[in-house]
1. Could you calculate the FRET efficiency of residue B:195 with residue D:71 from 1/(1 + (r/R0)^6), where r is the beta carbon distance between them and R0 is 35 Å, rounded to 0.05?
2. Sequence gap at least 6, Cα distance under 8 Å: using those rules, report the relative contact order of chain B to the nearest whole percent.
3. Based solely on its DSSP helices, what 222 nm [θ] is calculated for the protein assembly as shown when runs of n ≥ 4 H residues each add -39,500 (n - 2.57) and the sum is averaged over all residues, nearest 500 deg cm²/dmol?
4. Counting only protein heavy atoms and rolling a 1.4 Å probe, how much accessible area do A and D lose on contact, total for both sides, in Å² to 100?
5. Go through C:111, C:124, C:165 and say which Cα lies farthest out towards the positive end of the charge dipole of the range C:45-190; charges sit on Cβ, +1 for Lys and Arg, -1 for Asp and Glu.
6. Considering protein heavy atoms only and a 1.4 Å probe radius, which residues within the range A:29-63 exhibit an accessible-area decrease of no less than 20 Å² in the full assembly relative to the chain by itself?
7. Using R₀ = 30 Å, calculate the FRET efficiency as 1/(1 + (r/R₀)^6) where r is the Cβ-Cβ separation of residue C:32 and residue B:133; round to 0.05.
8. Assign one of three labels to the protein assembly as shown, namely rounded, prolate or oblate, based on the Cα gyration tensor with a ≥ b ≥ c the square roots of its eigenvalues; rounded applies when a/c is under 1.5, prolate when it is not and a/b is larger than b/c, and oblate otherwise.
Protein chains: 4
Amino acid sequence: MSVRTPDPDPDWTPGPENIQPPNQNQGWLSDVELADIRRRLPILYIEAVPVRVDGLGQVVELGVLLRARPTGEMTRTLVSGRVLYGETLRDALFRHLEKDLGPMAFPQLPASPVPFSVAEYFPLPGITAFTDERQHAVSLAYVVPVTGTCDPRQDALEITWMTPLEAASEAVSAEMEGGRGSLLRMALASVGQLR
Amino acid sequence: MSVRTPDPDPDWTPGPENIQPPNQNQGWLSDVELADIRRRLPILYIEAVPVRVDGLGQVVELGVLLRARPTGEMTRTLVSGRVLYGETLRDALFRHLEKDLGPMAFPQLPASPVPFSVAEYFPLPGITAFTDERQHAVSLAYVVPVTGTCDPRQDALEITWMTPLEAASEAVSAEMEGGRGSLLRMALASVGQLR
Amino acid sequence: MSVRTPDPDPDWTPGPENIQPPNQNQGWLSDVELADIRRRLPILYIEAVPVRVDGLGQVVELGVLLRARPTGEMTRTLVSGRVLYGETLRDALFRHLEKDLGPMAFPQLPASPVPFSVAEYFPLPGITAFTDERQHAVSLAYVVPVTGTCDPRQDALEITWMTPLEAASEAVSAEMEGGRGSLLRMALASVGQLR
Amino acid sequence: MSVRTPDPDPDWTPGPENIQPPNQNQGWLSDVELADIRRRLPILYIEAVPVRVDGLGQVVELGVLLRARPTGEMTRTLVSGRVLYGETLRDALFRHLEKDLGPMAFPQLPASPVPFSVAEYFPLPGITAFTDERQHAVSLAYVVPVTGTCDPRQDALEITWMTPLEAASEAVSAEMEGGRGSLLRMALASVGQLR
């Protein structure tokens, strides 16, 4: 089985509505270069668990992405992607939230740069709870309240909203790519919502 | 010198626009009872540093309260107050934010219940950085973005907005009650804005 | 069913090997006074999850207390107890660790005063995940590595060491008092060991 | 002025007392390759503030490295270095602590993988508080108690122990490389020791 990578295909899809990526010239990597670098350096990622909160800030729903893979298989994942050269973590977080949730999600990025957890993905299983067959990736994971409408721009992507109880279930964990069920539970724990 | 207490005069001021406090009957304490209990138990407080953030969640301004004391002296403090019997931390946080910033501040309470720091106030100085001559208080401190208009309802209270640099300055620290300059700097550190 | 209180019987049991409690005179409460106060104020607690770590600091085992109740029923709980008047959180944490694990446990108290979670216990269920029929308690919870030998001094107490997987199991959660299975899972999440 | 890089010269100096680095073949980078990659990808680092704690876990001293640069200039820095391909964060943290503090430092690595702050270093100043003229580096920073003897193995390196008050001073901040005075203060804040 091929474990999907944390970032949907290209890290950067230029388009009419996008601002230019930072430092495009030197930071841009061809597929071949990226594949090479992925076997030589840990690659820095951000991941986000979008949530809806009530009037007192308490998490009532979590957003999990549902993705159709080329094989037709459906898997669940989180908002995630690479941090580019010259890009701040906040910029990367905002860019990937917009890429995966659409421009009307209105995410409230955290004031603190400290992630709720750091997930280490290795090609081989057993080192940590997380695997990514393409690479050694280290991912800073954040819980991000969204107040607008989430509408994934990629055809093969849908967002499912779950209660904390559903999100922590074995059934959902089993469908999450690369061990991210564990990360979702840690997100719940970080907001005091893990039972 | 008389060090002010973390909570402005009464912990609860009933009024036409207020909902009833939780568990009023058994949790209500007369002044004499409260004064007695304050010398026998640590009292639980919440404190909040209201902040304004930019579109990427980065803190650009911090709100510090300026208070005229009965003696005419001006001191600076944070949003703070007691947690009442039967009240959740979120409820207490919301209640004291509304009490000190008015009903139009629209605070975004944190999704996580974990404070950025825990401040321990003792009547005698030297045990920690924090003192409160009235009591032994333990305060859970949070950074809270506000998106609306802050308009303290108490006559003797004003809010001053400062940049991170000003908030960390010696001058501001020296004016903060009970050692809260230290807490303000820790708030800045927690959001990655302490230089 | 009677839900046990977070602290084993008396908060302070003077004995030949103990130093005197801080501020004994004014902070000491008779049973009647304590029972009264418990219905009028939230009471501040600390809780600790003792752990064993490997050479790289990774948690390999967690210690859970097994207690025989007067009814003969066995329940599981965590190290916990009240913070006394005049006592710092560190002192309270150390005192309760020694009380529940014995004097040879050699706990490594955390450098940071920030708890991994804050548990709110209410007499009535449904407000949070945690209940304590005696009182409204707010508990600051810490993970504490121990390097020595744990030997509970109270007759009715034993310590059981579990792997992270066991500690997160439904079976263990069901045996934990007052909803502390949830707190144990949050402790695991905070150390990156929740699957 | 040339700002020093977070890691002392080579990231890995094989020697008789060292175990082999992980995945040496594919993860090893020549100087030319590393210089190239440093302009194309953010590079993942760990940083550590070694501390001495008292019996209750409270930080009493912080260790800052003093380095003679080839120009004869002295600068201060923290324990830091690159995370290699295939290496866990804990392994990297342990390796760099041993490299900079010697094999008898006996560091107590944190149970939690969550850093106290994430420092973003850019070649150009002004984006964050941190600069590194060689690269865009993202550094996960930890406070690490050490219980043994610190004896830097590199000739040009010394360790200075400071009280929290000294470590937070303007004088020390001014001597720290790449803006790390700010990181040192955030470390102090994270352990409740920033005044």
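The values are calculated or read from the model by the stated rules, or taken from the named source; none is laboratory data. Bear in mind that the values here come from a model prediction, so they are computed numbers and not experimental data. Reconstructed Cβ throughout: ideal geometry from the backbone, glycine too, with neighbour counts over all protein chains shown. The area values use the complete protein model at the heavy-atom level, side chains included, leaving out ligands, DNA and RNA. Shrake-Rupley method; radii C 1.70, N 1.55, O 1.52, S 1.80 Å.
1. On the way: r = 26 Å, r/R0 = 0.75.
Efficiency, rounded to the nearest 0.05: 0.85.
2. Values: 365 pairs, mean separation 52.1, N = 195.
The value is 27 percent.
3. Values: 24 runs with 180 residues, N = 780.
Result for the protein assembly as shown: -6000 deg cm²/dmol, rounded to the nearest 500.
4. Values: alone 10130 and 10130 Å², together 17420 Å².
Between A and D, the summed buried area is about 2800 Å².
5. C:111
6. Going by heavy-atom accessible area, the residues of the range A:29-63 that drop by at least 20 Å² are A:29, A:33, A:37, A:39, A:40, A:41, A:42, A:44, A:55, A:56, A:57, A:58.
7. 0.55
8. On the way: a/c = 1.39, a/b = 1.38, b/c = 1.01.
Taking the square roots of the gyration eigenvalues as a ≥ b ≥ c, the protein assembly as shown is rounded.
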